[in-house]
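Below: one structure, written as structure tokens.
Computed from the coordinates by the stated procedures, all read-outs in this text should not be read as laboratory data. Note that the structure is a prediction, hence the values are computed from the model and not measured. Cβ coordinates were reconstructed from backbone atoms using ideal geometry, including for glycine residues, and neighbour counts include every protein chain displayed.
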Amino acid sequence: MTATHTTPARIKVGVSACLLGQEVRFNGTHKHMPMLTQEFSRYFEFVPTCPELGAGMGVPRPPIRLVGDPHAPRAVRVDDAAVDFTQLLQDYAAERIPQLQDLAGYIFIKNSPSCGLFRVKVYLDNGNAGMTPGRGVFAAALTKAMPLLPVEEDGRLHDPVLRENFITRVFAMHEWQQLCTRGLTAAGLIDLHTRYKYTLMAHAPHNYAKLGQLLADAGKHDPNELGPRYFTGMMQMLQLKATRKTNTNVLMHLQGYLKKQLQSNEKSSLGKVIEHYRQGIVPLIVPVTMLKHYFHVFPDPYINRQAFWQPYPDELSLRNSL
Ligand code: SF4
């Protein structure tokens, strides 16, 4: 079966430096996440950033927190709200972000007033925690500047579905970057769309055709204008979680390509395995491995090129937990 993505030396992924074990937190400690250094580092070259250190706040330093408007919070000292680091952190973000343009993803740490991505506490001016959460100052600047970049938080990566979704998007982003490096063409965009058909169907089954309409007259458009519009739609679809139901739908479509080749007992076994997956009895890797075997025996050039077979290296074992 044709590999559907090229695995370069390692894909660049940004990360909050303390997650790699760097002792850069306000109190000189780290928040080492073994999953990153022991599993993901085989495929990703991590590019660490500590915005507070980069902004010159030093280690150790007084802790800070977010206050004020949750949509534009200020980062101030916990013990003295008059000492405001917001501008310093924003200036550092403006300097650092242009150096991160080749990243294919970013892993932030939760709850940080600088690096937190989701649901960071924002305090009211009276010192009480407000009801509306916000986003850390650096995380907000990066996601605004690079809206298509796949981003996640450390804690959420322990959820198998969210982990697989993030990694799928990182590898898709890397494919896109390679396509851009080679030069965008109408043929390249159509090929990307074709190879990602079943991956996209697993994430957003009703939107594949709609996304394809963007490419209907691809040859008549400037690929440098059309490409980013297409990829924006593709990443929005991939951000939606694939479910047991949508994956089962894809597996059944793929099974349909084998109806003439398989004996009735083979069809029956394959059907049972897909049904067991649907019921949650076996993980996704089981029907996928069986289908891969049959498409190895009965190759189909269109199906064998699908990114669905290998959206990321098998060794990450992400489908064992889905
Ligand atoms: S600023 Fe970010 S990287 Fe630095 S210690 Fe805080 S959470 Fe970690």
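Expressed in units of 2.2 N^0.38 Å, where N is the residue count, the Cα radius of gyration of segment 161-239 is 1.04.
Each 10 Å bin from 0 upward holds the following percent of the Cα-Cα pairs of segment 252-321: 19, 53, 27, 1. For segment 11-158, evaluate the Debye formula with one uniform point scatterer on each Cα (no solvent term) and list log10 I(q)/I(0) at q = 0.14, 0.15 Å⁻¹, rounded to two decimals. Here the Debye-derived log intensity ratios amount to -0.63, -0.72. Entry note, the chain: the mean residue ellipticity at 222 nm calculated from DSSP H runs of n ≥ 4, each adding -39500 (n - 2.57), is -12500 deg cm²/dmol after division by the residues and rounding to the nearest 500. Given +1 at the Cβ of Lys and Arg, -1 at the Cβ of Asp and Glu and no other charges, the dipole of the chain around its Cα centre is 1020 debye to the nearest 20.
Structural descriptor for the chain: relative contact order 17 percent, calculated from alpha carbon pairs under 8 angstrom and at least 6 residues apart. Going by neighbour counts of Cβ atoms within 10 Å, the residues H203, H221 line up, fewest first, as H221, H203. Backbone phi angles across segment 66-71, fed through the Karplus curve with coefficients 6.51, -1.76 and 1.60 (θ = phi - 60°), yield HN-Hα couplings of 8, 9, x, 5, x, 7 Hz in residue order; Gly and Pro are listed as x. Report P(r) for the chain: all Cα-Cα distances, bin width 20 Å, range 0 to the bin holding the largest distance, values in whole percent. Percent of Cα pairs in each bin: 29, 50, 19, 2. Within the listed set L258, L192, L103, the residue fluctuating most in the Gaussian network model of the chain (springs between alpha-carbon atoms under 10 angstrom) is L258. Under 5 Å between amide hydrogens, built in the peptide plane, is the criterion, and for F85 it picks out A75, V76, R77 among residues at least 5 positions away or on other chains. Amide H contacts for H32 (H built 1.01 Å from N in the peptide plane; partners 5 or more residues away or on another chain; cut-off under 5 Å): G21. Going from the residue with the fewest nearby Cβ atoms within 10 Å to the one with the most, K121, K144 rank K144, K121.
The GNM of the chain, with springs linking C-alpha atoms under 10 angstrom apart, assigns the highest mean-square fluctuation among F166, F298, F231 to F298.
Of the cross-linked pairs K260/K292; K31/K110; K12/K110; K272/K292; K259/K292, which ones have a Cα-Cα span greater than 19 Å in the structure shown?
In this structure, K12/K110 exceed 19 Å between Cα atoms.
Among C180, C50, the ranking by other beta carbons within 10 Å of each residue's beta carbon, starting with the fewest, stands as C180, C50.
Under a 10 Å cutoff between Cα atoms, tell me which one of T181, T248, T194 has the largest fluctuation in the Gaussian network model of the chain. Answer for the Gaussian network model of the chain: T181. A simple rule links phi to the HN-Hα coupling: the Karplus curve 6.51 cos²θ - 1.76 cosθ + 1.60 with θ = phi - 60°, which for segment 302-317 gives 5, 5, 5, 8, 5, 4, 4, 5, 8, x, 7, x, 4, 4, 6, 6 Hz, with x for Gly and Pro.
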